[in-house]
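Accompanying notes for the structure given below.
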Amino acid sequence: MVPHDKKVLWSFMFLLAGAAAQMIQYQAASTCAVTGSTVTLPCSFTPKKSFHNGMREVPLKIIRARWCKNHLICQGTTPSLYDSDSANNEPRYWYQGDLEGKCTLQIRGVGMQDNATFRFRMEANHSEGHFTNSTGVVITVFDLVKMRINISSSNREFSSGQTVSLQCTTSSCTFNHLEVTWLKDGYALSENGSTLQLSPLTAKDSGNYTCALRSNGGTRSEAFSLQVEAAEEAPDLHLIAGVMFGVLLLIITLILVIFIVKRKRTAPEGPNTVGGETEMKNADNIYSSILMPHQEEAGSQRRQTSQEAEETSYASIKFKHNNWNRKAVQEPDQTIYSLVATRG
């Protein structure tokens, strides 16, 4: 058997371990809100996993989550703003948590009645696991205040490439998780958080910025003027290279065109004449007959016979002492016969 003093020691250690592990954490102890706005209370919890019952370790499980207003413990029959066991919770209070470790509460349409202290309570399947953080979150509600824009940098001169953050707040306090409408030169931007981050800055970001609560346009801030100096842009090397390549290609094309034109102009024309006279182009109808001296007589007879049969003109060309005599006769049938005789 385990000695009595060891039992007490083990019980004390289990108690310390359970107490150390059990806690509820609020991101901020206090926050601000404006009537008609939405405020979020970030919250997380760590439940006790088990407790020691005599010699037995009993596991614990969270089965209920509650939020209360202006109540120190938020237990029993205390009215709850949100109760996970109830189906009749007020819609303005939206529980964004679970039963595992997140207990965030969002309050929509904040009114003066929400100027109070809010506390979260978790309850387990045994009373040993019940716990409330009595510190809670204090909400201070303002009615119809004007928002203003704070800037993250003390420098009022900005250049392209820098980063700047604009925060929509009031002179009374800093708001957390506000639904804000941002405007530039009177036109709404897509951002809706309390902080507007511009990065990297360009000349297009220059303008007059204002902010207001999304649910209350009467809270619009005074305009904040942001002027961004445009940085000198470095030359585009790709564009320069493209232009140079195009110019070079054009020069090469012009040189080739000039070369081709000059070559055509200086090219010699093909000869189409013989002895200064134009040759007859209808070569298909030219017949040539060369007779040797001893064939002259037979040739004469053939010429006579052919002349009677075909009634065609003949041309007779004879060479004497190496001189050429050419006689051409062309009849309507475009047929030319040539007779060449050479005499010694």
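Determine the share of the stretch 91-190's accessible area contributed by carbon and sulfur atoms, expressed in whole percent, with a 1.4 angstrom probe.
The computed percentage sits at 45.
Can you tally the net charge around Ser221? Count Lys and Arg as +1, Asp and Glu as -1, for every other residue whose Cβ sits under 9 Å from the Cβ of Ser221.
With Lys, Arg at +1 and Asp, Glu at -1, the neighbours total +2.
R0 = 45 Å: FRET efficiency of Ala87 with Phe245, Cβ-based, nearest 0.05?
0.05
What's the extension gain from Glu229 to Lys204 if we count 0.36 nm per residue and subtract their Cα-Cα distance?
This chain segment gains 8.0 nm when fully extended.
Mind checking the full-extension length gain between Ile260 and Ser44? Use 0.36 nm per residue of separation minus the Cα-Cα distance, one decimal, nm.
Gain in length upon complete extension: 69.1 nm.
Send over a whole-number figure in Å² for the accessible area per residue of the stretch 95-250, probe 1.4 Å.
Heavy-atom accessible area per residue stands at 56 Å².
Starting from the stretch 116-178, pick out the trypsin sites (Lys or Arg not before Pro) whose DSSP state is loop and whose Cβ has at most 11 other Cβ atoms within 10 Å.
Arg156
The values are calculated or read from the model by the stated rules, or taken from the named source; none is laboratory data. What you see is a predicted model; the values in this text were computed from it and never measured. Cβ atoms come from the backbone with ideal geometry, glycine included; neighbour counts cover every protein chain shown. What goes into the accessible areas is simple: the full protein's heavy atoms, side chains included, and nothing from ligands, DNA or RNA. Shrake-Rupley method; radii C 1.70, N 1.55, O 1.52, S 1.80 Å.
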